[in-house]
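Student: Quick one: the structure is below, and I'll ask about it shortly.
The values are calculated or read from the model by the stated rules, or taken from the named source; none is laboratory data. None of the values given here were measured: they were computed from a predicted structure. Here the Cβ positions follow ideal geometry from the backbone for every residue, glycine too, while neighbour counts run over all protein chains shown. Calculation scope for accessible area: heavy atoms of the full protein, side chains included, ligands and nucleic acids excluded. Shrake-Rupley method; radii C 1.70, N 1.55, O 1.52, S 1.80 Å.
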Amino acid sequence: MRITIEIDTSDVKRIQKSTGQKKRSLAINKALTEYLRMHEKQRFIERALAGETDFSMTNGEIETRDL
């Protein structure tokens, strides 16, 4: 999907450096994907710590799982 947004030039450069992508659109896409992955992981951890999950994996299985 194509959209038009305004992002500060210095932020775009930081995103490109952080992601290792030279093209702006690839860098921003990678940064957004990583942000969403980290956010979902954090939400899962918070739910698990609050006892709101019915999760049958062992601690070792959880630690090695790629979220």
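Student: Residue by residue through the stretch 5-21, which ³J(HN,Hα) values in whole Hz follow from phi under the Karplus form 6.51 cos²θ - 1.76 cosθ + 1.60 (θ = phi - 60°), with glycine and proline marked x?
Tutor: So the J values, rounded to whole Hz, are 9, 9, 10, 4, 4, 5, 5, 4, 5, 5, 5, 4, 5, 5, 8, x, 9.
Student: Give me the 1.4 Å probe accessible area per residue for the chain, excluding ligands and nucleic acids, in Å².
Tutor: 95
Student: With +1 assigned to the C-beta of every Lys and Arg and -1 to the C-beta of every Asp and Glu, and no other charges, what is the dipole magnitude of the chain about the Cα centre in debye, to the nearest 20?
Tutor: I would put it at about 640 debye.
Student: Relative to the longest principal Cα axis of the chain, at what angle does helix 24-49 sit, 0 to 90 degrees, rounded to 10?
Tutor: 20
Student: Let me ask you something else. Just checking my list (i) 77; (ii) 102; (iii) 137 against volume of the Cα convex hull per residue in Å³ computed from this structure; which label fits?
Tutor: Here volume of the Cα convex hull per residue in Å³ agrees with entry (iii).
Student: Whenever you get a sec, compute what percent of the accessible area on the chain sits on carbon and sulfur atoms (1.4 Å probe).
Tutor: Of the solvent-accessible surface of the chain, carbon and sulfur hold 50 percent.
Student: If packing is taken as the mean number of other Cβ atoms within 10 Å per residue, what is the order of 28-41, 4-17, highest first? All intermediate terms of the calculation are to be shown ahead of the outcome.
Tutor: Working: 28-41: 12.6, 4-17: 10.1.
Taking the mean over residues of other Cβ atoms within 10 Å, the ranking is 28-41, 4-17.
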